[in-house]
1. Can you tell me, using C-alpha contacts under 8 Å and at least 6 residues apart, the relative contact order of segment 160-241 as a whole percent?
2. Probe of 1.4 angstrom, ligands and nucleic acids ignored: what's the accessible area per residue over segment 167-289, in square angstrom?
3. Calculate the dipole size of segment 163-310 relative to its Cα centre from +1 charges on Lys and Arg beta carbons and -1 charges on Asp and Glu beta carbons; express the result in debye to the nearest 20.
4. When DSSP assigns beta bridges and you keep just the ones with both residues in the chain, what percent turn out antiparallel, to the nearest 5?
5. Normalised by the empirical 2.2 N^0.38 Å for globular proteins, what value does the Cα Rg of the chain take?
6. What accessible surface, in Å², does a 1.4 Å probe find on residue 204, ignoring ligands, DNA and RNA and rounding to the nearest 10?
7. With +1 on each Lys and Arg Cβ and -1 on each Asp and Glu Cβ, and nothing else charged, work out how big the dipole of segment 223-272 is about its Cα centre, in Debye to the nearest 20.
8. Hey, could you get me the Stokes-Einstein D for segment 70-149, Kirkwood radius over alpha-carbon pairs, 4 °C and 1.567 mPa s, rounded to whole µm² s⁻¹?
Amino acid sequence: MTVDALTDVAGVRVGHATRRGEGWLTGTTVVLAPEGGAVAAVDVRGGGPGTKETDALDPRNLVQKVEAVVLTGGSAYGLDAASGVMAWLEERGRGVRVGPDPAHVVPVVPAACVFDLGRGGDFRARPDAATGRTAVAAADASGPGAPVPQGCVGAGTGAAVGPLKGGVGSASTVLDSGVTVAALVVANAAGSAVDPETGVLYGELFEGRRIAYPEEGVLEAARRRLAEIAAENAPPPLNTTLAVVATDAELSKAQAQKLAGTAHDGIARAVRPVHLLSDGDTVFALATGRRPLDAGQPLALNDLLAAGADMVTRAIVRAVRSAEPVAGPGGSWPSYGELYGTSSV
């Protein structure tokens, strides 16, 4: 049985640590690879990225596999969450072996952050090493193939997509070859996910199904409310969309890097404008290697690349549709469902 989420890739687990209230509106999400790690790569397109250990993922460099990827709120401060994940992995002997003792390991934990500082009211309320440890422990305890909580959780707790509340979304598919491709996204973009003329989510235009268009009265009410929010919030245009695309296919680091790169197309379909100077859009790719690509099908990789982008688009749609409205001392962000309704055909 599948759950239509990143955890449909066998061995991959997801855990969230969420902090809300008393000035907090932030959190951390950890994607935990199967023990022994997964081939990993990254592609950064935004002009304001906040990342850690991404150079290690270059196909020209030594590290081949990673044990976990950290997505976190808190801007660059929140990258400290990766330290807690590293400590948790070291205690279990998981990482790159660097000495004769099996305990002599250095866990390579790539991380990327989104900007959500002050959205809960306290600029100093941000994830730290303890938050990362909580998230990785949650991933470990979740069990194989567990559903992935979506919406305002983990790194998506304080996320916003343009004037609307953002969050975490996930989706998966199984190709005709039997290969699974899945994505998890933290949708926190400076651009908008909604076509202002119709109220339709851009990402749903690519899903191949009939679209339920909001009525004109709903659109007018939404426009008025968004204009009020823009005047109230006046937020700095500092955001970032993060994604992890995972597959059980056997990929080289170079192929995984191509997967991360093409997956950015999935963001561009769902958010406009995208990859701005104030965004830090970053996509990680993980390949567990449990299924070889069909050597007799030279275009098999193309199918996988296309699916990665499709799953990112679907995951962003789910993130926006799953988000709950937030109003507090740090600002107000209505949800898509609150403004336009929750129906989707």
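The values are calculated or read from the model by the stated rules, or taken from the named source; none is laboratory data. A quick note: this is a predicted structure, and the numbers were derived from the prediction, not measured. Here the Cβ is made from the backbone with ideal geometry for all residues, glycine too, and neighbour counts use every protein chain on show. Heavy atoms of the whole protein, side chains included, go into the accessibility calculation; ligands, DNA and RNA do not. Shrake-Rupley method; radii C 1.70, N 1.55, O 1.52, S 1.80 Å.
1. Values: 89 pairs, mean separation 24.5, N = 82.
With pairs under 8 Å counted, the relative contact order is 30 percent.
2. 38 Å²
3. 280 debye
4. On the way: 48 of 58 bridges.
Antiparallel: roughly 85 percent of the beta bridges in the chain.
5. On the way: Rg = 19.1 Å, N = 345, 2.2 N^0.38 = 20.3 Å.
Rg over 2.2 N^0.38 Å, computed on Cα atoms: 0.94.
6. Using a 1.4 Å probe on the heavy atoms, I get roughly 10 Å².
7. 260 debye
8. On the way: Rh = 13.7 Å.
Value of D from the Cα-based Kirkwood radius: 95 µm²/s.
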